[in-house]
Amino acid sequence: MAININHLKRKNEIKPPRVILYASGGIGKTHWATGCQFDANGSVIPETVGSNRPVVLCIENGLGKLDVPHFELYQKGITFNDVIDAFGVVYENSDEFETVVVDSLDWLEPLVWAETCRRNNWKTIEQPDFGRGYLATIDVWKEYIEAVNALRDDKNIAVIQLAHAVVNKTTPPDSEPYDRYEIKLHKLAKAKMIEHCDALLFANYRTSTIKSDVGFKKTVTRGVGRGERLIFTEERPAFLAKCRYPLPDQIDMSLGYAELVKAVAS
């Protein structure tokens, strides 16, 4: 295509977000992704379940009692190609859904490894020397990203990708090493997934510390909290995050996915 002055644009078309939400287990990632909001006691408000018209690709068995459409992709014998086929089914029936939830990326990763090994006749992903097996997985991850983009670009469907958090040590060039939360993926896959998403969100409980006198001129520091769940949208030393939308640096998780939708539309 020959580019000319008529191709200039001032504002991009608003498209549904490609989100990665990661956190430790049990905080409510799947509930949030399926549109649930929570009351002051932390209980799900029933009428909000499925409010974003989701379909869940359950690569792990973590849906619990949520009554929403889903594919059970954690059964024995399920492959990476089965996951891609599920994307295809959603693509062909896109009028029924507004959101696709991938639960979760770190359970998808072994399927990506297995598919990479199958294509290269390797017994394990570590069979090639010098990490070349993990490098080869990026081609398979790209196929997954293409499936995500097809739903978003062609069918106007948002894609929320869930993942578990892991604590890794980071070594910045300008400071001492420290620990931080990251996505539980191999470093090459993690970099690729962060690159492609519109929002990388980290969820955690609100905590504060108090010092208590234990006698003998000694004090101990304890973490305290009331169970309030927050979603963080901007990177801090303690965790990775990013957001291309005008969200505050932290939002109340109990308000649900609808808060992100408002920010995308603003």
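The values are calculated or read from the model by the stated rules, or taken from the named source; none is laboratory data. This one's a predicted model, so the numbers in the text were calculated from it and none came from an experiment. When we count neighbours, we look across all protein chains shown, and the Cβ atoms used for this are built from the backbone with ideal geometry, even at glycine. With ligands, DNA and RNA removed, areas are computed over all heavy atoms of the protein, side chains included. Shrake-Rupley method; radii C 1.70, N 1.55, O 1.52, S 1.80 Å.
I'm trying to understand the selection: among the residues of segment 251-266, which are farther than 16 Å from Arg152 by Cβ and crowded, with 17+ Cβ neighbours inside 10 Å?
Step one: filter segment 251-266 for residues farther than 16 Å from Arg152 by Cβ, giving 251-256, 258-259, 262-263, 266.
Within segment 251-266, Ile251, Met253, Ser254, Gly256, Glu259, Ala263 qualify.
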Output the qualifying pairs, or none if there are none: Cβ atoms under 7 angstrom, residues six or more apart or on different chains, first residue in segment 253-266 and free of Cβ contacts under 8 Å to residues at least 24 places away in the same chain, second residue open to solvent by 20 Å² or more (accessible area, probe 1.4 Å).
Ala263/Tyr245; Ala263/Pro246; Ala263/Leu247; Ser266/Pro246
Whether any residue in segment 110-117 is under 20 Å from Ala158 (Cβ atoms), buried (at least 19 other Cβ atoms within 10 Å of the Cβ) and under 20 Å from the mean Cα position of the chain (by Cα) is what I want to check.
no
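Filter segment 118-149 for residues that are of a type in the set (Ser, Thr, Tyr), touching a residue at least 24 places away in the same chain (Cβ under 8 Å) and open to solvent by 30 Å² or more (accessible area, probe 1.4 Å) and give the result. I'd like the intermediate steps shown before the answer.
Step one: of segment 118-149, the residues of a type in the set (Ser, Thr, Tyr) are 124, 134, 137, 144.
Filter again for touching a residue at least 24 places away in the same chain (Cβ under 8 Å), leaving 134, 137, 144.
Once the filter is applied, which keeps residues that are of a type in the set (Ser, Thr, Tyr), touching a residue at least 24 places away in the same chain (Cβ under 8 Å) and open to solvent by 30 Å² or more (accessible area, probe 1.4 Å), segment 118-149 yields only Tyr134.
State whether one or more residues within segment 75-82 are open to solvent by less than 20 Å² (accessible area, probe 1.4 Å) and of a type outside the set (D, E, K, R).
As a first pass, look at segment 75-82 and keep what is open to solvent by less than 20 Å² (accessible area, probe 1.4 Å): 80.
Next, only the ones that are of a type outside the set (D, E, K, R) stay: 80.
Yes, there is a match, as at least one residue in segment 75-82 is open to solvent by less than 20 Å² (accessible area, probe 1.4 Å) and of a type outside the set (D, E, K, R).
Just one of Gly64, Gly77 is free of Cβ contacts under 8 Å to residues at least 12 places away in the same chain, farther than 22 Å from Asn149 by Cβ and either over 21 Å from the mean Cα position of the chain (by Cα) or in a loop (DSSP other than H, G, I, E, B) (or both); which is it?
It is Gly77.
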When you scan segment 29-44, how many residues do you find that are free of Cβ contacts under 8 Å to residues at least 40 places away in the same chain and not in a loop (DSSP other than H, G, I, E, B)?
2
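Is there a residue in segment 17-24 that is out of contact with any Lys or Arg (no Cβ under 7 Å at 6 or more places or on another chain) and part of a loop (DSSP other than H, G, I, E, B)? Don't jump to the end; show me each part of the working.
Here is the first cut: in segment 17-24, the residues out of contact with any Lys or Arg (no Cβ under 7 Å at 6 or more places or on another chain) are 17, 19-20, 22, 24.
Filter once more, keeping what is part of a loop (DSSP other than H, G, I, E, B): 17, 24.
Yes, that holds for at least one residue.
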